[in-house]
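Peer 1: There's a structure below that I have some questions on.
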Amino acid sequence: MRLRLIWLGVSFFAAAFAQAGDAVLEGLTAHVAEHPDGGAAFSFPRAAYAKRADLAGLPIGVFDSGIGGLTVLEALLKADVFHNDNLQPGADGRPDFVEERFIYLGDQANMPYGNYPSSGRTDYLRELILKDALFLLGNRYWPKADAPQPSFDKPPVKALVIACNTATAYGLEDVRAAAKEWGVPVFVVGVVEAGARGLLQAPEDGAVGVLATVGTCSSEVYPKTIQRTLGLAGRGIARVTQFGSARLAGVIEGDPAFDTELKVQVAGDVRGLVEAHRAARSGGQVVPLKKVMLGCTHFPLAIGEIDAAFGKLREDPDLAPFIAATRDYINPAEWTARELFRELARARQRRPAGNAAATGDRHRFFMSVPNPADKALPLAESGGLEPSYKYGREVGRLGVEDTRVVPMTRAGLPAVSRRLVEEKLPAVWEHLPAE
Ligand code: DGL
């Protein structure tokens, strides 16, 4: 009966989306309704949620466009800012999520997400984001890229963390709306709202500089969310300047398509932010950049290089007035951990103490790869999707699985990404299976 009600609900909302002319939500909602057993790609078994009164024992889903979101997972694994027993703020020597299990998805084959909007493919990006959420809600994945059949033993999740700034900018509202419409009682946390709240702890003086992808900047999600968050906290309007980099995430990741040296890329992007800030000065009043929002998952990995670039630019007397002597960096990942803890506590969905498995296979990691069974798939030399194909796709081809989600392992990561995770994200590395 319950299933039937959900089905009717889904049909109703499919109709509502159709009326609103939203092809993305309409298409996926109809697809989900057509595959209630979760056997097809981009669907989930709806009974998994309908049967459960208590979701607390389920894992938490975390997704990003690639490996960048592992910086968010690292922050989640390490966070200790609450007392686990009484939920009061403060460290208690035990990681806040010590009892929880995480399932991570990096949509590596379809990244960078930050470049879809400037290619006129915002709707396709929205579809990708909803597919990420569907993967985490469902139980289907490919045990190997070339396996003859998918596997169906992945558990559903009780919460979704959008560990990607661009995906939060373009998909947070869609994912929240879709979860509601599909009758899935999960809550959704995004990095942008969390990062904006992090600003409340930074000094009030000075301007805010947002470094992010081109897509995140063109969505204006940070300036809007920052002003709203400050306003709700009774603060005045902040000076916010943003700069979108089309390349820095790729360079940090070691993607062969972005082969600039890290220092050179960072120097250019930081200069871009400072010059944009100088150009935005109004009425001659100079407010130096003092707070820097690391508005892209990858950027905390280059915080040293970023701060050094600000320092270097400050040696230029024309630019020095626009840069504070010392800068505060806001890493949304750390604030996302707090947000997630609070939301889990509020929903009474913290996993009961004593349930943590020893270590090792407690968390599960997945990533997308080009589908090797699709022999006509245009591939670049690096083996990834050919960019004109990647950024030329249309929404609604839900019977086409041009990428497959497979387990992410140390051995399966591209060499540069592997080194990055090993050196900079030790908590993630420890849990990532060797092969
Ligand atoms: N993870 C993305 C973000 O935080 C950066 C990489 C991409 O463009 O896909 O915005």
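The values are calculated or read from the model by the stated rules, or taken from the named source; none is laboratory data. Predicted model only: the values in this text are computed from it and were never measured. Cβ: placed from backbone, ideal geometry, glycine included. Neighbour counts: every protein chain shown.
Peer 1: Report yes if some residue within the range 263-279 is assigned to a loop (DSSP other than H, G, I, E, B), buried (at least 18 other Cβ atoms within 10 Å of the Cβ) and polar (S, T, N, Q); otherwise report no.
Peer 2: Within the range 263-279, not a single residue is assigned to a loop (DSSP other than H, G, I, E, B), buried (at least 18 other Cβ atoms within 10 Å of the Cβ) and polar (S, T, N, Q).
Peer 1: Then there is this: Could you grab me the full set of residues in the range 249-262 that are in a loop (DSSP other than H, G, I, E, B) and within 15 Å of the ligand (Cβ to nearest atom)?
Peer 2: Matches in the range 249-262: Gly254, Asp255, Ala257, Phe258.
Peer 1: Moving on. If a residue counts only when it is away from the ligand (no atom under 13 Å from the Cβ) and more than 15 Å from the chain's Cα centre (by Cα), which strands (runs of 3 or more DSSP E) contained entirely in the range 151-248 have at least 3 such residues?
Peer 2: By residue number, 207-213, 240-245.
Peer 1: On to the next question. Pairs under 8 Å by beta carbon, first residue among the hydroxyl-bearing types (Ser, Thr, Tyr) in the range 247-268, partner within 12 Å of the ligand (Cβ to nearest atom) and in a helix (DSSP H, G or I), six or more apart or different chains?
Peer 2: Thr260/Val251
Peer 1: Considering the range 327-343 alone, what residues qualify as being part of a helix (DSSP H, G or I) and over 13 Å from Ala75 (Cα atoms)?
Peer 2: Step one: of the range 327-343, the residues part of a helix (DSSP H, G or I) are 332-343.
Passing the criteria: Arg342, Glu343.
Peer 1: Would you check which residues across the range 287-326 are without any contact (Cβ under 8 Å) to a residue 60 or more places away in the chain and within 16 Å of the ligand (Cβ to nearest atom) and list them?
Peer 2: Of everything in the range 287-326, those that are without any contact (Cβ under 8 Å) to a residue 60 or more places away in the chain and within 16 Å of the ligand (Cβ to nearest atom) turn out to be Ala302, Ile303.
Peer 1: If I filter the range 63-84 for residues that are within 16 Å of the ligand (Cβ to nearest atom), within 12 Å of Leu137 (Cβ to Cβ) and either in a helix (DSSP H, G or I) or in contact (Cβ under 8 Å) with a residue 40 or more places away in the chain (or both), do I get at least one hit?
Peer 2: Looking through the range 63-84, at least one residue is within 16 Å of the ligand (Cβ to nearest atom), within 12 Å of Leu137 (Cβ to Cβ) and either in a helix (DSSP H, G or I) or in contact (Cβ under 8 Å) with a residue 40 or more places away in the chain (or both).
Peer 1: What tally of residues in the range 100-122 results from selecting those that are modelled with pLDDT of 95 or more and in a loop (DSSP other than H, G, I, E, B)?
Peer 2: Final tally of qualifying residues: 6.
Peer 1: Looking at Arg94, Arg101, which is the one that is farther than 30 Å from Gly254 by Cα, over 13 Å from the mean Cα position of the chain (by Cα) and either more than 16 Å from the ligand (Cβ to nearest atom) or touching a residue at least 60 places away in the same chain (Cβ under 8 Å) (or both)?
Peer 2: Working: Arg101 fails: farther than 30 Å from Gly254 by Cα.
None of the others qualify; the one that does is Arg94.
Peer 1: Pairs, please: C-beta under 7 Å, at least 6 apart or cross-chain, first residue under 17 Å from Glu26 (Cα atoms) and in contact (Cβ under 8 Å) with a residue 12 or more places away in the chain and in the range 156-181, second more than 15 Å from the ligand (Cβ to nearest atom) and β-branched (Val, Ile, Thr)?
Peer 2: Qualifying pairs under 7 Å: Leu172/Val188; Val175/Val188; Arg176/Val188; Ala179/Val186; Ala179/Val188; Glu181/Val10; Glu181/Thr29.
Peer 1: Residue by residue through the range 163-179, note down the ones that are of a type in the set (Gly, Ala, Ser), surrounded by fewer than 24 Cβ atoms within 10 Å (Cβ to Cβ) and in contact with a strand residue (DSSP E or B) (Cβ under 8 Å, 6 or more places away or on another chain). Please lay out each step first, then the result.
Peer 2: Of all residues in the range 163-179, those of a type in the set (Gly, Ala, Ser) come to 163, 167, 169, 171, 177-179.
Still in the list and also surrounded by fewer than 24 Cβ atoms within 10 Å (Cβ to Cβ): 177, 179.
Listed by number, the list holds a single entry, Ala179.
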